[in-house]
Amino acid sequence: MHHAPLTSPRLQRVLAVLKDGRPHTTREIVRRAHVVAVNSCISELRANGAEILCTRERKADRLICRYTMTKAPE
């Protein structure tokens, strides 16, 4: 997979959201970081050395994903 470097403004915006180490939903990341492919951004951050957990919760007919960064990329 080809991934963007950490200098990418798009990845920097996602990192800024995840930096606090708390769980953030996909929707929250979309709104705060102004990105649309959150799962791709997470994959790219992982390829750059970040450790990010994903938890999934089913509510009624929706699946809610929450991402938590446990280790920032170097």
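Here are the numbers for this structure:
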item	result
Among 47, 60, 33: highest mean-square fluctuation, GNM of the chain, C-alpha pairs under 10 Å	60
Sequence of 42, 52 once ranked by neighbouring C-beta atoms within 10 Å, starting from the fewest	52, 42
Nitroxide proxy distance, nm - points 7 Å out along Cα→Cβ at residue 22 and residue 43	2.9
Nearest-20 debye value, the chain charge dipole, Cβ charges on Lys, Arg, Asp, Glu	300
Modelled label reach - residue 51, point 7 Å along Cα→Cβ, the range 7-25 residues with backbone N closer than 15 Å	21-22
Inter-label distance for residue 13 and residue 60, nm, one decimal - labels placed 7 Å from Cα along Cα-to-Cβ	2.9
Ranked 65, 54, 41, criterion: other C-beta atoms within 10 Å, fewest first	54, 65, 41
Vicinal HN-Hα couplings computed from phi for the range 29-35 (Karplus, 6.51 cos²θ - 1.76 cosθ + 1.60; Hz; Gly/Pro x)	5, 4, 6, 7, 9, 6, 10
log10 of Debye I(q)/I(0), alpha-carbon scatterers only, for the chain at 0.17, 0.19, 0.20 Å⁻¹	-0.57, -0.71, -0.78
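Coordinate-derived values only; no laboratory data. If you're wondering where the values come from, they're calculated on a predicted model, not measured in any experiment. With ideal geometry, Cβ positions are generated from the backbone for all residues, glycine too; neighbour counts draw on all protein chains shown.
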